[in-house]
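Novice: Okay, here's the structure, questions in a sec.
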Amino acid sequence: MSLDKPLSEALPSAMDLKLSGELEARLHHENVFEAPEECARREEVLGEINEILQNWVLSASARKGIAEDLEPRCNLYTFGS
């Protein structure tokens, strides 16, 4: 089996749609969804962390003799909660 193909291309069944709806309702009931304000604040904080990280990369690169015109950068990836 190849990893680049979907397991199924079938449309969701009536049962799939029903169970998905029940799951979403339960998740809302348990209050697992992030409020828009919380999402905006998280993105703001991640932006601040990314700025600090980029400055650190530039500083560390300069100490190692890497020219700034090579535009040393890094990526910040987040995962989980």
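The values are calculated or read from the model by the stated rules, or taken from the named source; none is laboratory data. Only a predicted model underlies this, so the values are computations on that prediction, with no experimental measurement involved. Positions of Cβ are backbone-derived with ideal geometry, glycine not excepted, and every protein chain shown enters the neighbour counts. Quick note on the areas: whole protein, heavy atoms, side chains included, nothing else; ligands and nucleic acids left out. Shrake-Rupley method; radii C 1.70, N 1.55, O 1.52, S 1.80 Å.
Novice: Quick one: is E9 within 21 Å of G80 (Cα to Cα) and either at pLDDT 90 or above or over 21 Å from the mean Cα position of the chain (by Cα) (or both)? Quick ask: steps written out before the conclusion?
Specialist: On the way: within 21 Å of G80 (Cα to Cα): no; either at pLDDT 90 or above or over 21 Å from the mean Cα position of the chain (by Cα) (or both): yes.
Answer is no for this residue.
Novice: Yes or no: the range 63-72 includes at least one residue that is in contact (Cβ under 8 Å) with a residue 12 or more places away in the chain, open to solvent by less than 80 Å² (accessible area, probe 1.4 Å) and not in a helix (DSSP H, G or I). Please lay out each step first, then the result.
Specialist: Step one: filter the range 63-72 for residues in contact (Cβ under 8 Å) with a residue 12 or more places away in the chain, giving 72.
With the extra rule that they be open to solvent by less than 80 Å² (accessible area, probe 1.4 Å), the set shrinks to 72.
Cutting the leftovers down to not in a helix (DSSP H, G or I) gives us 72.
Within the range 63-72, one or more residues are in contact (Cβ under 8 Å) with a residue 12 or more places away in the chain, open to solvent by less than 80 Å² (accessible area, probe 1.4 Å) and not in a helix (DSSP H, G or I).
Novice: Further question on the same structure: Return the pair list, or none, for Cβ contacts closer than 7 Å from residues in the range 13-37 that are without any contact (Cβ under 8 Å) to a residue 60 or more places away in the chain to residues that are surrounded by 10 or more Cβ atoms within 10 Å (Cβ to Cβ) and not in a loop (DSSP other than H, G, I, E, B), at least 6 apart or on different chains.
Specialist: The qualifying pairs are F33/L27.
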